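Asker: A single structure is presented below for examination.
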Amino acid sequence: MIGTYEIGLQSNGSYADKMVYNELFGTGYEETFAARRRSRPSSFPDVNRLAASVLDPGKYTIAILRGK
């Protein structure tokens, strides 16, 4: 995630775009530089705990996709 974020900011235009977006949505342009520092690795138990709090195993949909 951090690598993708950094790759997305390889040009001055990308930085400017991200800063404007952050200003428009009220997080401030500084968020462009702070996001990487606040990111931390997630462990498997962290992901499972989050999934259990969001997903309900009693409510799901099955989709079957077929080609031509």
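Here, each number is a calculation from the coordinates, and none is a lab measurement. Computed from a predicted structure; not experimentally measured. Reconstructed Cβ throughout: ideal geometry from the backbone, glycine too, with neighbour counts over all protein chains shown.
Asker: Along the charge dipole of the chain, which of S53, Q10, F25 sits closest to the positive end, that is, farthest toward it, with unit charges on the beta carbon of Lys, Arg, Asp and Glu (+1, +1, -1, -1)?
Answerer: Working it through, the farthest residue towards the positive pole turns out to be S53.
Asker: On C-alpha positions alone, give me the angle between the axis of helix 44-54 and the longest principal axis of the chain, in degrees, nearest 10.
Answerer: It is inclined by approximately 70 degrees.
Asker: Using a basic spin-label model with each label point 7 Å from the Cα along Cα→Cβ, how many nm lie between E23 and S43?
Answerer: 4.1 nm
Asker: Helix 12-24: angle to the longest alpha-carbon principal axis of the chain, degrees 0 to 90, nearest 10?
Answerer: 70 degrees
Asker: Taking the Cα-to-Cβ direction at F33 and at N12 and moving 7 Å from each Cα, how far apart do the two end points lie in nm?
Answerer: 1.7 nm
Asker: Calculated from the structure, Cα extents along the principal axes in Å equals which of (1) 50, 22, 18; (2) 44, 39, 23; (3) 32, 27, 20?
Answerer: So the calculated entry is the one marked (2).
Asker: Dipole magnitude of the chain about its Cα centre, charges +1 at Lys/Arg Cβ and -1 at Asp/Glu Cβ only, in debye to the nearest 20?
Answerer: Using Cβ point charges on Lys, Arg, Asp and Glu, the chain gives about 400 debye.
Asker: Something else now. Work out from phi, with θ = phi - 60° and the Karplus expression 6.51 cos²θ - 1.76 cosθ + 1.60, the ³J(HN,Hα) of each residue of region 34-40, listed in order in whole Hz, and give x for Gly and Pro.
Answerer: Rounded to whole hertz, the list is 8, 4, 5, 5, 7, 6, 9.
Asker: Within region 1-35, report the GluC sites (Glu not before Pro) that DSSP leaves as loop and that have at most 12 other Cβ atoms within 10 Å. Please report the intermediate quantities before stating the final value.
Answerer: Working: sites: E6, E23, E30, E31; in loops: E30.
Answer by residue number: E30.
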